[in-house]
Amino acid sequence: MKQPVRIAITGAAGNISYSLAFRIASGDMLGKDQPVILQLLEITPALEALNGVVMELNDCAFPLVQDIVATDDANVAFKDADYALLVGARPRGPGMERKDLLEANAAIFSVQGKALNDNASRDVKVLVVGNPANTNALIASCNAPDLNPGQFTAMTRLDHNRALTQLAQKTGKHVTDVEGMIIWGNHSATQYPDIAHCKVAGTPAAELVERDWYETTFIPDVQQRGAAIIKARGASSAASAASSAIDHMRDWALGSSGVVSMAISADGSYGIEPGIIYSYPVVCRNGAYEIVQGLALDDFSKQKMKATEDELRQERAAVEHLLG
Ligand code: NAD
Ligand code: LMR
C-alpha cells in the first residue's frame, strides 16, 4: 500500500467542492491505489456546512480516505500538503466579468500564499480555481517566496475541455479524436482557444471547419461558455469545473496522454512577459510539466496571444500592492 498523500481543498463547503472532494476521495485524481488525507478549509461561518460535507464523506466509506481534517485555519489546512486546490473564492454573477472579482478575492490568495509558504510540503503542487484564477495564482505565488513559482498553476483545463467538445461535435467526431488543442493566456473572455495545431482523427482541424465558424462561433463560444452556464443554471459551473481540476492535477502528477493547457508562470516562451500566469500548451511527465516549444504562429494568433497577455499585465498592475 502507498503512503497517504495530503490534499488541501479550500472553499470545501462550496459548490465545486461538493463534487471535487468526493471524486478525489474515490481515487479519480491520483488513482485507486493512492490513499489520501483530505484537509478541508472554509471560512468560520461555513464550518457547520463543512461539517455536513465531512459527514457525507464519512458516509461514503471510501476505502482510500485515511483521515479528514476540517478547519478555518489555513495553517492547519496546508500543513504538509502535497497538493492544494484553491477553490474558495466568490463566484461571479450574471453580467460580471471574472476580473470584477479581483478586489473581492485577491486578499484571500495573499493570505493563503503565505500559509502555503509556511506549512506545505516543499514539493506542493498548487492549482488555483477561484477567479480570476491566473492573477490569484500570481498573488499566492508572490506571497510564497520559499516555494518555486513553477509550483503555482491556474486552471484553464475547463476551457480546454470545452474547446475539445465544441470541435468534436462540429466535426462529427469524438473528443478522444482531437489532439493538439491549445488555450493561450487568461481564463477570461480574452483567452485564445487555438486550433491551428489541432488534428481531428489525424486531419488538421483547419481543413475540417470553415475559418468563419472558427473566428465567429468557436472562439467566442469557448470564451463565453462560463457566462452561458451562469445564465442557464443561475450559478457558475461546478461539476465540470471539479472534473477539469481533477484532469489538471491527475495529468500533472501522473502524466498527460498528449498536449493539455495549463496556466503556469511564464518563462518568456513565445515572447510572453515572464512571471505572469499564462496558459500554455504543455506535456506532463514524471510529475512535471513542459511547455510545447517551436509552434509556428501566424499574425492572427500573435495578436490574440498579445491581447490576453495585455489583460494579464493589467490585472497584475491592479494587485501590485499584494505581490510582496
Ligand atoms: P461557492 O460560492 O459555491 O463556494 C465558494 C466557497 O469558498 C464558499 O463555501 C465560501 O465560504 C468559501 N470561501 C470563501 N472565502 C474563503 C477563504 N478565504 N478560505 C476558504 N474558503 C473560502 O463557489 P464555487 O461555485 O464553488 O466557485 C468557487 C470559485 O471557483 C469562484 O471564484 C468561481 O468563479 C471559480 N471557478 C473557476 C473556474 C475555472 O475554470 N478556473 C470554473 C468554475 C468556477
Ligand atoms: C467558468 O468558466 O465556468 C468559471 O470561471 C465561472 C465563471 O465565472 O465563468
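Points worth noting:
- Whichever residue in the stretch 145-160 is open to solvent by 10 Å² or more (accessible area, probe 1.4 Å), more than 11 Å from ligand 2 (Cβ to nearest atom) and not in a loop (DSSP other than H, G, I, E, B) and, among such residues, is farthest from Q112 (Cα to Cα): G150
- Tally of residues being away from ligand 2 (no atom under 15 Å from the Cβ), open to solvent by less than 10 Å² (accessible area, probe 1.4 Å) and in contact with a strand residue (DSSP E or B) (Cβ under 6 Å, 6 or more places away or on another chain) across the stretch 125-139: 1
- For beta carbons closer than 9 Å, sequence separation of 6+ or different chains, a first residue in the stretch 223-237 that is without any contact (Cβ under 8 Å) to a residue 12 or more places away in the chain and within 13 Å of ligand 1 (Cβ to nearest atom) and a second that is of a type in the set (K, R) and assigned to a helix (DSSP H, G or I), there are no qualifying pairs.
- The stretch 191-206 residues that are at pLDDT 95 or above and open to solvent by less than 50 Å² (accessible area, probe 1.4 Å), paired with ones that are in a loop (DSSP other than H, G, I, E, B) and of a type in the set (S, T, N, Q) (beta carbon under 7 Å, 6 or more apart): Q191/T156
- Residues (within 16 Å of the chain's Cα centre (by Cα) and open to solvent by 20 Å² or more (accessible area, probe 1.4 Å)) located in the stretch 83-97: Y83, A89, R90, P91
- The sole residue among D67, D59, D80, D100 that is of a type in the set (D, E), at positive phi and more than 16 Å from the chain's Cα centre (by Cα) is D80.
- Just one of (1) under 18 Å from the mean Cα position of the chain (by Cα); (2) loosely packed, with under 15 Cβ neighbours inside 10 Å; (3) within 16 Å of ligand 2 (Cβ to nearest atom) fails for G258. It is (3).
- When restricted to residues that are within 18 Å of K114 (Cβ to Cβ), assigned to a helix (DSSP H, G or I) and within 11 Å of ligand 2 (Cβ to nearest atom), the stretch 77-100 contains 0.
The values are calculated or read from the model by the stated rules, or taken from the named source; none is laboratory data. Given the structure is predicted, the values throughout are model-derived calculations rather than measurements. FYI the Cβ positions are ideal-geometry reconstructions off the backbone, even for glycines, and counts take in every protein chain you see. To get the accessible areas, we keep the full protein, side chains included, count just its heavy atoms, and leave off ligands, DNA and RNA. Shrake-Rupley method; radii C 1.70, N 1.55, O 1.52, S 1.80 Å.
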